[in-house]
Amino acid sequence: MPGKQRGADAGERKDAVAAIIEDWRRERPELDTTPLEVLARLHRTFVLYQAQTNRPVSEHGLSWAGFDVLTALRRAGEPFQLTAGELAASGLISSAGVTLRLDRLEKDGLIVRERDSEDRRVVHCRLTPEGLRVIDELFVQHLDKERHMLAGLTAEECGQLSTLLRKLEISLDTARQEES
């Protein structure tokens, strides 16, 4: 749980990125490595995060994309259904990957697909009772794992980091749009 810090203060510990930055400062002292200091740490953080959160998801026979579909359907509220287009628009999975994910989840009995009674072109994806049970159980485990991973930060630091990451996401998205 955020609020109790583990081990040495994170500001005092040397990490892999610090060693890389030192190497660049020695070899090319004229370069400003600030972007690397931020984004390399963000990348390494994501790799560590992904490694720790993948196991419970895969133990339930799910991929990350499948997990994302189930959480999107669960967040939709009763009757826990969305169309494939709505799932793709949620931003969690690509439109190209939706059908493949839905096929697998349906085969596993976690979702059903049903044609709309008024417009037969529209197909709704809905959690089955088993799908609801699995995602409710798994998401609690997921949040507990994330809470444990954040134990080295105080509640205030978690809030600050969340604010900064939101700003970073907007900055990255703006840069992406400008390059398009």
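Figure legend: label point modelled 7 angstrom from the Cα of Lys145 along Cα→Cβ; residues of the range 34-60 with amide N under 18 Å from it are 44-60.
Scanning the chain for DSSP H helices at least 20 Å long along the axis (C-alpha atoms) with a Kyte-Doolittle mean no lower than 0.0 picks out nothing.
Suppose R0 equals 30 Å; then what is the FRET efficiency for Arg121 and Leu100 from their Cβ-Cβ distance, rounded to the nearest 0.05?
The calculated FRET efficiency here is 0.90.
State the percentage of accessible surface on the chain attributable to carbon and sulfur atoms; use a 1.4 Å probe and exclude ligands, DNA and RNA. Ligands and nucleic acids excluded, carbon and sulfur give 54 percent.
Accessible surface area normalised per residue over the chain is 68 Å², counting heavy atoms of protein chains with a 1.4 Å rolling probe. Within the listed set Arg120, Arg74, Arg133, the Gaussian network model of the chain (springs between alpha-carbon atoms below 10 Å) gives the highest mean-square fluctuation for Arg120. Length available on full extension from Glu59 to Glu78: 0.36 nm per residue minus the Cα-Cα distance, which gives 4.2 nm. Global size of the range 88-168: 17.9, 52 Å for Rg and Dmax (C-alpha atoms, Rg to one decimal, Dmax whole). Reducing the range 109-173 and the range 34-74 to their Cα centroids gives an inter-centroid distance of 11 Å. Result for the chain in a Gaussian network model with C-alpha springs under 10 Å: among Arg113, Arg121, Arg41, the largest mean-square fluctuation is at Arg121.
Just want to confirm a number: the relative contact order over the range 13-114, from Cα pairs under 8 angstrom separated by 6+ residues, in percent. Mind showing how you got there, number by number?
Numbers: 48 pairs, mean separation 15.2, N = 102.
15 percent.
With contacts taken as Cα pairs under 8 Å and at least 6 residues apart, the chain reaches a relative contact order of 29 percent.
Quick one: what do you get for the chain if you divide its Cα Rg by 2.2 N^0.38 Å? Can you show the working numbers first?
Working: Rg = 20.6 Å, N = 180, 2.2 N^0.38 = 15.8 Å.
Taking the Cα Rg and dividing by 2.2 N^0.38 Å, one obtains 1.30.
Among Ala65, Ala84, Ala40, the largest mean-square fluctuation in a Gaussian network model of the chain, built with springs joining Cα atoms closer than 10 Å, belongs to Ala40. Simple spin-label estimate for Ala175 and Phe46 gives 1.1 nm between the two label positions (7 Å along the Cα-to-Cβ direction from each Cα).
The values are calculated or read from the model by the stated rules, or taken from the named source; none is laboratory data. Being a predicted model, the structure only gives us computed values, none of them experimental. FYI the Cβ positions are ideal-geometry reconstructions off the backbone, even for glycines, and counts take in every protein chain you see. SASA here: full protein model, heavy atoms, side chains in, ligands and nucleic acids out. Shrake-Rupley method; radii C 1.70, N 1.55, O 1.52, S 1.80 Å.
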